[in-house]
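Computed from the coordinates by the stated procedures, all read-outs in this text should not be read as laboratory data. This structure is a prediction, so every number in the text was calculated from the model and none was measured. Here the Cβ positions follow ideal geometry from the backbone for every residue, glycine too, while neighbour counts run over all protein chains shown.
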Ligand code: AMP
Ligand code: GLY
């Protein structure tokens, strides 16, 4: 089959790499792609905002499936227009993508379907906001309603800070995304990401991961799109995962179908593992970046067939033996350009050397090829990814690959996976202690 993949980041490189391994793939096209994706796909110039142009390309090249990587084209309704033209698409409709596009939509759905999540108020004015703040305790959580590229959340330690944030958000500090605000109860616990694939009826789990949002070691400094991740997330035990499928994912898919907006594609749940059980923080309507990179490192099924079954509403025909994740840990370290998440220094040269020699995989996130020299072209530049039998082993392999790369204007965190590495060390000390005592 012929596939068109839309997007240009590390997430899309990981998808292209895995799709290219499919025995049923004939041709893979990517738009706009990047130099890493170009190793697996023919890059084409298409504007995802120009829906008729994408449709025409699909007809000309006999595309059987369009895979939409990022959220913006989904929220803009590209999947709807392609489906109306008879083209199979991996990704939700505009109406279903509101799960990511509108916090208020998701909170209302959770309330209706009794999905565990933080208590909330949806406000449109300072007066409504002040009244709602009276009902919550510090720290206060305030969110712009619409897409804000991960920058629309404020955690305010005091009432004063919360009022300043409320005014900023309502006055459009985040553009039109802020015309309405969601105020939430602060949830305490450890965060984990969980993924599920659905065609609107059948739902299958697609693994877990943990991200590292802060730019600096020990989770310090400003928030980013994610500086590294690993999969699986052992904190999300099989019991908790089953609970998430039953209490959160299942009811969400059923409630959307009942509203006449069936969800098709990947559902990415940001969870807080609280003392009362897992609660939904937010939904995304696409794979996480860089979570996708670690999921793809472990997935050993045929991704192209899986995505086509999902797009056609035939996920119930998936042969379970062909849907497998390797029982290893995958860990990815993001190498970013100095300055990120502020203004990144672009143009710096990159020499990948022999970084992939020992089985590591380098996914390109923000690179360009300039007369044969690889250069940084964005904030997050490379995703250096490796696997191991433990998180510590995967971490060591990923950093060995990082150290083989020459990228003088780049930087990375040195502690991706720290929570699990500490837990692994504690449990092996405990085992050693127990065997010494016997
Ligand atoms: P979101 O964009 O909704 O994922 O929020 C970004 C980050 O803010 C999350 O990853 C959490 O770390 C934090 N956050 C969001 N909502 C809450 C909440 N209700 N309680 C505690 N932390 C939150
Ligand atoms: N890594 C977080 C995200 O993709 O939203």
Once you've got the GNM for the chain with C-alpha springs shorter than 10 Å, pick whichever of 396, 31, 357 has the biggest mean-square fluctuation. 357
Per the Kirkwood treatment, what hydrodynamic radius in Å, one decimal, follows for the range 155-241 from the mean inverse distance over all distinct Cα pairs? 16.2 Å
Using only the alpha carbon atoms of the range 64-182, find the Kirkwood hydrodynamic radius as the inverse mean reciprocal pair distance, in angstroms to one decimal. 15.6 Å
Taking 7 Å along the Cα-to-C-beta vector as the label spot, tell me the residue 157-residue 414 distance in nanometres, rounded to one decimal. 2.7 nm
Per residue, what volume in Å³ does the Cα convex hull of the range 329-380 take up? 78 Å³
Find the relative contact order for the range 125-272 and round it to a whole percent, using C-alpha pairs within less than 8 Å whose residues are 6+ positions apart. 22 percent
Quick one: which of 338-349, 375-386 comes out on top by average Cβ neighbours within 10 Å, and what's the full order, highest first? 375-386, 338-349
GNM on the chain, Cα springs under 10 Å; top mean-square fluctuation among 332, 117, 237 goes to 237
So what's the range 201-272 giving for Cα Rg divided by 2.2 N^0.38 Å, two decimals? 1.35
Starting from the exponent 0.38 and prefactor 2.2 Å, build the expected Rg for the range 1-148 from its residue count and divide its actual Cα Rg by it. 1.34
Additional length obtainable on full extension of the chain from residue 324 to residue 426, 0.36 nm per residue less Cα span: 33.7 nm
Do you know the relative contact order of the chain, to the nearest whole percent, from alpha carbon pairs under 8 angstrom that are 6+ apart? 15 percent
To the nearest 0.05, what FRET efficiency results for residue 390 and residue 62 with a Förster distance of 41 Å applied to their C-beta separation? 0.35
Extension gain from residue 76 to residue 191, taking 0.36 nm per residue of separation minus the Cα-Cα distance: 38.5 nm
Quick one: among 39, 395, 98, which has the greatest mean-square fluctuation in a GNM of the chain with alpha-carbon springs under 10 angstrom? 39
In which sequence would 122, 160, 364, 406 go, from the one with the fewest C-beta neighbours within 10 Å to the one with the most? 160, 406, 122, 364
Is the chain best put as rounded, prolate or oblate by its Cα gyration tensor, with a ≥ b ≥ c the root eigenvalues, rounded for a/c under 1.5, and otherwise prolate when a/b is larger than b/c, oblate when not? rounded
14 Å cut-off, amide nitrogen to a point 7 angstrom out along residue 112 Cα→Cβ, residues in the range 242-265: 251-263
In nm, the gap between the two label points placed 7 Å beyond Cα toward Cβ at residue 83 and residue 164 is 4.5 nm
Taking the Cα centre of each part, how many Å lie between the range 95-155 and the range 1-72? 34 Å
Based solely on its DSSP helices, what 222 nm [θ] is calculated for the chain when runs of n ≥ 4 H residues each add -39,500 (n - 2.57) and the sum is averaged over all residues, nearest 500 deg cm²/dmol? -9000 deg cm²/dmol
What's the Cα-based Rg to Rh of the range 284-340, Rh via Kirkwood? 1.10
Given an 8 Å cut-off on Cα distances and at least 6 residues of separation, report the relative contact order of the range 305-409 as a percent. 33 percent
What nm value, rounded to one decimal, do you get for the distance between residue 403 and residue 130 when each label is placed 7 Å out toward the C-beta? 5.9 nm
Sort out for me the Cα centre separation of the range 231-252 from the range 370-405, rounded to whole Å. 29 Å
Work out the FRET efficiency for residue 50 and residue 343 from their Cβ-Cβ distance, taking R0 = 35 Å, and round it to the nearest 0.05. 0.75
Checked the range 25-72 against the a/c 1.5 cut and the a/b vs b/c comparison, axes a ≥ b ≥ c from its Cα gyration tensor; verdict oblate
Is the shape of the range 166-303 rounded, prolate or oblate, going by the alpha carbon gyration tensor and its root eigenvalues a ≥ b ≥ c, with a/c under 1.5 for rounded and a/b larger than b/c for prolate? oblate
